[in-house]
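Below is one structure; the comments refer to it alone.
Each value in this text was obtained by applying a stated rule to the coordinates, not by laboratory testing. The structure displayed is predicted, hence computed values, not measured ones. Don't worry about glycine lacking a Cβ; one is built from the backbone with ideal geometry, like all the others, and counts go over all protein chains shown.
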Amino acid sequence: MMVKRYVVRDMPEALLRIRSDLGKDAVILSSKRIHVRKWLIWRSKRIEVMAAVAGDLPVKIPAYHPSALGQAAAKPENVSEKAEEQKRILRGETSNMSSTMSMQSIGDVQVHSANSIKGITSAQEDTRQVLLPILDEMKKLTYRLQQLSSQNTVFVGGMNQEHFQLQQLLVQQGISVDTVREWMQESGVLSMPKVGDYQLLLQSFRNWFIQQFQTFAVPSPIQSTSRIVAFVGPTGVGKTTTIAKLAALHVLSGERKVGLITCDTYRIAAIEQLRTYAQILGIPLEVAESDAVSLNKAVDSLSHCDLLLMDTAGRNYFNQRSTQDVQTLLSIAPIDEIVLVLSLTSKAEDLNRLLEAFSTIPFHKFLFTKLDETSSYGVAAELIWKAKKPLSYITTGQNVPDDISPSTKDFVLKSVFGEGHP
Ligand SMILES: Nc1nc2c(ncn2[C@@H]2O[C@H](COP(=O)(O)OP(=O)(O)OP(=O)(O)O)[C@@H](O)[C@H]2O)c(=O)[nH]1
Ligand SMILES: [Mg+2]
């Protein structure tokens, strides 16, 4: 291949010189405006044209881009057409399209052939006809993906519309997608043939759910036989407030003599918080360090009480050290019930992680707080199901002692199927 550079005033001059030098088969590789300098004086503008004559023509195929629709799109089979077109330009026949010539830089040469425009328009039309159905399909897929991501879930194989609707209901209640799938699998609803009746599918799932939960969703308030009940959980979930509520209810019922123990010596205000409640209720409070001597001394000094509610410090239980500390503390005294207090305002993901962190702590039951601050609390049922441990109480506000109630089966059903559950 022979390549030559030309510096010319305009393109007609370039075409003439290229044609006479390189012959009628030469092609223009590039052209650009330049300034030519002589004796330190700027001369007028020139055009630099690179031309070549060869068997192999350096034709570039523009990469496909959706925005190219409506512009001249190149198809592989058009490569030889393009080469021909470039040759036509050199022969003096003109076109408005060249893959190697920049029309903008050539500028001056603005000659259009009606015939070649017509040819390009029909090529565009062909391309459009091929790409339109593909674009249409892509639009539909994009829309479907947007729908699914907004529903925060993924449509899995083997699911029909009713399965999907049920999955949506459960996910919207705050139950994690993995658990929802597990439940749907275990309940057998996924293998039900296409029923076309969502209510039937829902009923079938509900029956399975009730049967599953009847063993461990049994409400489990503080047992009348329990003497020492400890409350553990992350920071700020409402442990101390809940203890105050329960103490007040027992004092009001007058059935049992209540005493309080706090092991929360981490926060200065924590002791004062519980002392205030103890004074209002007129019940004794003992402060214990997290060691055997101190805790046993506190228990002994409350020997006249038949119910001891024990407060612990809120800790970051994602930290293994914290779980080890509380494990040690709970092994010191003869504790009858260990209640894990969790706030339903926490993220489901975090609550599930907390449950894992508590796998080494032999807690007996859950207590969920701050129900008043959330509208979806399916994670409550999820945790109960995972831990296979019952729920004792739920709390619904800051008022002592009003905002607490024993758990009910209805609460667990509502947590999964929503307020207006069937
Ligand atoms: N909205 C709402 N707030 C509550 C509930 N229970 C407790 N609280 C509030 O939550 C805040 C923290 O309560 P605490 O009882 O101090 O929590 P804690 O778990 O003892 O906190 P630490 O001892 O610091 O770990 C207080 O403002 C309580 O009034 C509830 O059911 N609903
Ligand atoms: Mg506290």
Fill in: Electrostatic dipole magnitude of segment 161-208 [Cβ: Lys, Arg +1; Asp, Glu -1; Cα centre; debye, to 20]
80 debye
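Mean separation of Cα pairs under 8 Å and 6+ residues apart, divided by the residue count of segment 161-208: what relative contact order is that in percent? It would help to have the intermediate numbers written out before the result.
Values: 26 pairs, mean separation 21.5, N = 48.
The normalised contact order for segment 161-208 reaches 45 percent.
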Worksheet item: Cross-link list Lys257/Lys414; Lys245/Lys414; Lys297/Lys386: which exceed 30 angstrom alpha carbon to alpha carbon?
Response: Lys257/Lys414; Lys297/Lys386
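Between beta-carbons, use under 12 Å as the cut-off and find the net charge around Leu367, counting Lys and Arg +1, Asp and Glu -1. Could you put the intermediate results ahead of the total?
Values: positive: Lys239, Lys245, Lys365, Lys370, Lys389; negative: Glu337.
That sum, taken over residues with Cβ under 12 Å, equals +4.
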Response to the item:
If amide H atoms are modeled at 1.01 Å from N in the peptide plane, then the residues at a separation of 5 or more from Arg315, or on another chain, having amide H under 5 Å from its own are Gly233, Thr235
Worksheet item: Ranked highest first by average number of other Cβ atoms within 10 Å, how do 128-136, 44-52 line up?
Response: 44-52, 128-136
Item to complete: Please turn the phi angles of segment 258-271 into ³J(HN,Hα) values with the Karplus equation 6.51 cos²θ - 1.76 cosθ + 1.60 (θ = phi - 60°), one per residue in order, whole Hz, x for glycine and proline.
Response: 9, x, 10, 10, 10, 9, 8, 9, 6, 9, 4, 6, 5, 5
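So for segment 161-208, what percent of the C-alpha to C-alpha distances run longer than 16 Å?
On the way: 310 of 1128 pairs.
Here the tail beyond 16 Å accounts for 27 percent of pairs.
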Worksheet entry | Rounded if a/c under 1.5, otherwise prolate or oblate - segment 208-256, Cα gyration tensor axes | oblate
